[in-house]
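The values are calculated or read from the model by the stated rules, or taken from the named source; none is laboratory data. This structure is a prediction, so every number in the text was calculated from the model and none was measured. Note: ideal-geometry Cβ built from the backbone for every residue, glycine included; neighbour counts use all protein chains shown. Please note that ligands, DNA and RNA were not included when accessible areas were found on the heavy atoms of the full protein model with its side chains. Shrake-Rupley method; radii C 1.70, N 1.55, O 1.52, S 1.80 Å.
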Amino acid sequence: MYGSDGKPAYHEEVAVIALPAGQQSKLDTTKIINISAFFDAKTESLNWKAPAGEWAIYRYICSNSGEQLIRPTPNSVGPIIDHFDSTATRMHVMYFIDRLKPGIGDFRKSALKNLYLASYEAKEFTWTPTLPAAFKKLHGYDLYKFLPAIYNPEQYQPEIAKNFQFDFDKTLSELMINNHYRKAKEICNSYGLQIISESGGPGHLHHIPVETLKALGSLDVPRGEYWYNREFFMENDKDSLVDMIYLVKEIAAASHIYKRGIVEEESFTSYWDWQEGPSDLKPLADRAFCEGMNRLVIHGFPHNPNGMGHPGIAYFAGTHYNDRNTWWPKVKPFNDYLGRISYILQTTDFVADVLHYYGDNVPNLIPPKNTRFTVGPGYDYEVINTEVLLRDLTVDHGEWVLPGVGRYKVLSIGNEGRIPAEALAKLKKLAAQGAHLVDQKPALPALAALNIPPDFSYANQKADQRYTPWTTFTIGVTSWIFTSFAILPVNGFQKPVCSGNREKHPKSGTLFLERLRPF
């Protein structure tokens, strides 16, 4: 909302900054002056004795963006909250807890186990009043002199502008993770509830102000999503939308390295309105299972009161997976299939030969398995972030170890993000203990030198799953590995399904349920 003077009806002062006028590039930051103390916001007058020369004066304010909830009901319409402010998060979460508690009582004794924070889809430039203080605490220098770089980075030396933007993004990420996701978890846990969220995303579709693995790891249950037939987005962004299950490998990695156990996915989101059925959805579910999913949350099951007829009420997006659909009377075998695989994968552990460190960046998205990053045909990999690397990673008997998570033969350093000095120092120190480290080079030669074969192989095999042929293959057996896949009945037919997890077999040693492309 704007006042009669054309200015935002509500705003807070941020700073008044003076810069040498006319300087278009390589701005000397020592000559940028914070003159906020000389500005009277009530009279909008500046009383500053400027040094000799011409100066450009910038006044910065913050105001509410005015952005509204995207799909509100009549009772939920209104502006979105400040996701970087813990007070706003508490107000938001407690609004629901205070209304649920009188009707439910003790949540610990009820059927209500989780609250859910939907995907972050705000689009505007982000600011929060605590940002300057948080920035200085994290990075040791003032934000104010670099405010012009937010809007005009070309005025600064390229490396200075780049470093500032990295620090700025990092600050927003830490504020959102700590003040929104961790705060929501803290509040919910104190009432006996867990928190679930597609935190900081969904990636590649929206403005993402957080480091994704860390944000997902701050929850009780991380959730991603995948779509049915959303190829129209490829017209604008062919690289980032390599397929419809972008947000599975990322969520699986977060769940693994933060020991959350559940890899939850909003499944079968669609705009196709009754044009898809189980035969269309099954290949998507199979691929999501092969990337790490172990629990489906189907989007969605619209409520249809008696008398609504057929096909009934439909929500804006999502496969209309409910009892008004024509195929609903025949859906039980498909539901049983999804449920059985989910159960198996929830009771097994993911195993990979390579641990991939993708560096430090915001948002640092993890693409689908074997697309931008791959080890080689028949190999899988885990992804680790800076926080877990510095906190948990060790070496034991020449293997990289995440205690309680997994053991890896090779650690691969990628080029997706920056490599902080402290992370690189720890990796080199651990590598000196006999572990194999590959720095921005293919990991496959290192595995070959260690005589570690692929988990499975077949004719014309490709590393990139987008080009993997649908074919038969020979199951290989060695003296210490049995590579196999589960055979599960689907509508009377035997179908192979892949899991990518291992479980101990009581008689034959270690059974490997490997990730195979389903028939």
Run the count for the range 69-216, please: Lys pairs, Cα-Cα under 19 angstrom, 8 or more apart or on different chains.
19
Kirkwood radius from Cα pairs of the range 252-291 plugged into Stokes-Einstein at 10 °C, 1.306 mPa s, gives D in µm²/s equal to 134
What is the pair-distance distribution P(r) of the range 144-215, computed from all Cα-Cα distances in 10 Å bins starting at 0, with each bin given as a whole percent?
18, 36, 28, 13, 5, 0
Treating cross-link reach as a plain straight distance, find the aspartates and glutamates whose alpha-carbon is under 15 Å from the alpha-carbon of K330, omitting any fewer than eight places away in the same chain.
E276, D280
What ³J(HN,Hα) values, in whole Hz, does the Karplus curve 6.51 cos²θ - 1.76 cosθ + 1.60 give for the range 39-49 when θ = phi - 60°, with x put for Gly and Pro?
10, 9, 5, 5, 9, 6, 10, 10, 10, 9, 8
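Let me have the 222 nm mean residue ellipticity of the chain computed from DSSP H runs of 4+ only, each contributing -39500 (n - 2.57), with the sum over all residues rounded to the nearest 500.
Working: 12 runs with 129 residues, N = 519.
Here the helix-only value at 222 nm equals -7500 deg cm²/dmol.
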Other residues with Cβ under 15 Å from the Cβ of N325 give, with Lys and Arg +1 and Asp and Glu -1, a net charge of -1
Correct choice for volume of the Cα convex hull per residue in Å³ that was computed from the model, options (i) 166; (ii) 157; (iii) 202:
(iii)
Using just the C-alpha positions of the range 274-418 as equal point scatterers, what log10 of I(q)/I(0) does the Debye formula give at each q in 0.08, 0.13, 0.22 1/Å?
-0.36, -0.76, -1.36
Isotropically averaged projected area of the range 350-437, using the convex hull of Cα atoms (one quarter of hull area), nm²:
5.6
When the scattering of the range 298-376 is computed by the Debye formula from its Cα atoms alone, each counted once and equally, what is log10 I(q)/I(0) at q = 0.16 Å⁻¹?
-0.86
Given q = 0.18, 0.20, 0.29, 0.31 Å⁻¹, what are the Debye log10 I(q)/I(0) values for the range 157-196, with equal point scatterers placed on the Cα positions and solvent ignored?
-0.57, -0.62, -0.85, -0.90
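Among residues other than G359 whose Cβ falls under 14 Å from its Cβ, what is the net charge (Lys/Arg +1, Asp/Glu -1)?
Values: positive: K170, K214, R372, R418, K426; negative: D169, E211, D360, E387, E416, E422, D439.
Within the 14 Å Cβ shell, the charges total -2.
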Can you compute the equivalent ellipsoid semi-axes for the range 1-149, i.e. the square root of 5 times each eigenvalue of the Cα gyration tensor, sorted largest first and rounded to whole Å?
42, 18, 14
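Per residue, how many Å² of accessible area does the chain show with a 1.4 Å probe? List each step's numbers first, then the result.
Working: 25780 Å² over 519 residues.
Per residue, the chain has 50 Å² of solvent-accessible surface.
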Environment charge of T126, counting only residues whose C-beta is closer than 12 Å and scoring Lys/Arg +1, Asp/Glu -1:
-4
Fraction of accessible area attributable to carbon and sulfur, the range 48-169 (%, probe 1.4 Å):
56
Carbon/sulfur accessible area of the range 289-347, % of total, 1.4 Å probe, equals 59
